[in-house]
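Participant: One structure coming up, written as structure tokens, with questions to follow.
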Amino acid sequence: MVRDYNNRHALDQKLRGTPKPAHVDHLEVGHWQAIATVLAHAGLDAAVQRALSSTPDLSLRYCGPGEWLVVSQVDTPVGLMRRLDMLCGTQAHVIDQSDGRVLLRLSGPSARQILAKGIGVDLHPAAFALGGSTNVLCGHIAINLSRTGEDIFELIVSRSFAESLFEDLMTMGRPFDLSAAFSE
Amino acid sequence: MASLITCPHCGVRPKEEFTIRGDASLVRPAPSASDEAWHDYVYVRANPRGRTVEHWHHVAGCRRFLVVERDTVTHEVYSVVDGATAAREAQR
């Protein structure tokens with residue numbers, strides 16, 4: 001039997017209906033961006049990091065020693081895999097995570113206060129520098145948190161935890177009138 | 001219990017991000033060692049009061065095994081080292 005495969009976003013059910021206008025504090029859900037995991041072979045951490053950071057439109061997110069999440073806003077998932085294979089083909093394992101992870105972008109003046117309700121890491125601008133990223137626990141869900149702008153934080157979460165994290169974030173952001181929508 | 005652990009890769013983190021995986025001071029016996037030695041290694045554990053060395057797994061962070069030296073009475077943390085580093089030093 002042949003079935004049509006419908007590619008649905010993990011948060012389609014949560015964000016149905018016409019998009020409402022964004023408030024000051026806004027949660028933007030990334031719609032089909034390319035994400036990949038790069039795990040360097042033993043002893044090649046520095047070489048892989050050099051190769052990856054030489055490309056300006058790839059955003060590197062630190063996960064652990066020799067392990068990164070690479071996010072690209074310009075590539076398709078297939079295009080990103082091809083580029084990463086060329087950059088570090090024999091030096092690292094590259095795995096496509098575009099459908100396995102969901103990217104949430106929290107922005108606004110209260111972003112830190114919202115995140116502080118679930119995250120046990122110092123988010124002060126001096127402690128969590130611009131461009132910094134790390135794996136943390138948000139409530140009970142392990143996420144990758146990175147600071148991409150002055151008051152902008154990006155959260156990358158496993159697809160199966162996305163709905164749960166989304167609900168948690170909306171509860172955490174309720175006193176600040178947090179709004180949510182898919183990115184354009 | 002010690003509530004803040006300074007992970008060598010991630011910085012200061014709450015203990016909720018970790019799982020404790022047991023005593024790190026045990027030495028694996030040789031394959032030809034006696035049954036008693038293996039029984040002790042696999043099953044027998046002390047429940048020490050004071051300084052202990054343990055394996056902690058940073059599950060929600062860098063996912064590395066760490067060797068944490070802490071005090072079970074005062075909850076003080078003396079040192080946190082990456083498991084691979086600790087193993088390399090032990091071999092010397």
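Participant: Using only the alpha-carbon atoms, how far is helix A:159-172 inclined from the longest principal axis of chain A? Give it as 0 to 90 degrees, nearest 10.
Facilitator: With rounding to tens, the tilt is 40 degrees.
Participant: Still on this structure, please answer the following. Can you sort B:THR72, B:THR19, A:THR37 so the residue with the fewest Cβ neighbours within 10 Å comes first?
Facilitator: B:THR19, B:THR72, A:THR37
Participant: Okay, next question. Any chance you could tell me what percent of the C-alpha pair distances in segment A:34-96 go past 17 Å? Display every interim value, and only then the final one.
Facilitator: Details: 482 of 1953 pairs.
I get 25 percent for the Cα pairs in segment A:34-96 exceeding 17 Å.
Participant: Given a cut-off of 34 Å, what percent of all Cα-Cα pairs of the protein assembly as shown lie beyond it? Present the calculation step by step, with values, prior to reporting the outcome.
Facilitator: Numbers: 11861 of 37950 pairs.
Here the tail beyond 34 Å accounts for 31 percent of pairs.
Participant: Turning to a different aspect of this structure: So what is the relative contact order for segment A:34-96, in percent, with contacts set as C-alpha pairs under 8 Å and at least six apart?
Facilitator: 50
Participant: Amide H to amide H, which residues 5 or more places from B:ILE5 or on other chains are under 5 Å from it, using H placed in the peptide plane?
Facilitator: Amide H to amide H, under 5 Å and 5 or more residues apart or across chains, B:ILE5 pairs with B:ARG13, B:LYS15.
Participant: To continue, here is another question. Give me the number: length gained by fully extending B:TYR41 to B:THR6, i.e. 0.36 nm times residue separation minus the C-alpha to C-alpha distance, one decimal in nm. Please report the intermediate quantities before stating the final value.
Facilitator: Details: separation 35, 0.36 × 35 = 12.60 nm, distance 2.89 nm.
Length gained between B:TYR41 and B:THR6: 9.7 nm.
Participant: Once you place label points 7 Å from the Cα toward the Cβ at A:VAL2 and B:THR74, how far apart are they in nm?
Facilitator: Each label point lies 7 Å from its Cα, and together they span 7.4 nm.
Participant: Against the longest principal axis of chain A, how steep is helix A:77-88, in degrees 0 to 90 to the nearest 10, with axes from Cα atoms?
Facilitator: Once rounded, one gets 40 degrees.
Participant: Give me D for chain B in µm² s⁻¹, whole number, from Stokes-Einstein with Rh from the Kirkwood sum over alpha-carbon pairs, 10 °C and 1.306 mPa s.
Facilitator: The estimated diffusion coefficient comes to 112 µm²/s.
Participant: Determine which lysines satisfy two conditions relative to B:LYS15: a Cα distance under 23 Å, and not lying fewer than 8 residues away in the same chain.
Facilitator: A:LYS117
Participant: What ³J(HN,Hα) values, in whole Hz, does the Karplus curve 6.51 cos²θ - 1.76 cosθ + 1.60 give for segment B:4-18 when θ = phi - 60°, with x put for Gly and Pro?
Facilitator: Karplus values, whole Hz, x for Gly and Pro: 10, 10, 8, 6, x, 9, 10, x, 6, 9, x, 5, 4, 7, 10.
Participant: If you average the sequence gap of Cα pairs under 8 Å that are 6 or more apart and divide by the length of segment B:4-91, what percent do you get for the contact order?
Facilitator: The value is 27 percent.
Participant: While we're looking at this one, here's another question. R0 = 41 Å: FRET efficiency of A:THR148 with B:VAL27, Cβ-based, nearest 0.05?
Facilitator: 0.30
Participant: For chain A, what does the helix formula give at 222 nm: sum of -39500 (n - 2.57) over DSSP H segments with n ≥ 4, over the residue count, nearest 500 deg cm²/dmol?
Facilitator: Here the helix-only value at 222 nm equals -6500 deg cm²/dmol.
Participant: Right, something else. Could you grab the relative contact order for segment A:3-128? Cα pairs under 8 Å, six or more apart, rounded to a whole percent.
Facilitator: In percent, rounded to a whole number, it is 33.
Throughout, read-outs are computed from the coordinates displayed, never taken from laboratory work. In this text the structure is predicted, and so the values were computed from the model without any measurement. Reconstructed Cβ throughout: ideal geometry from the backbone, glycine too, with neighbour counts over all protein chains shown.
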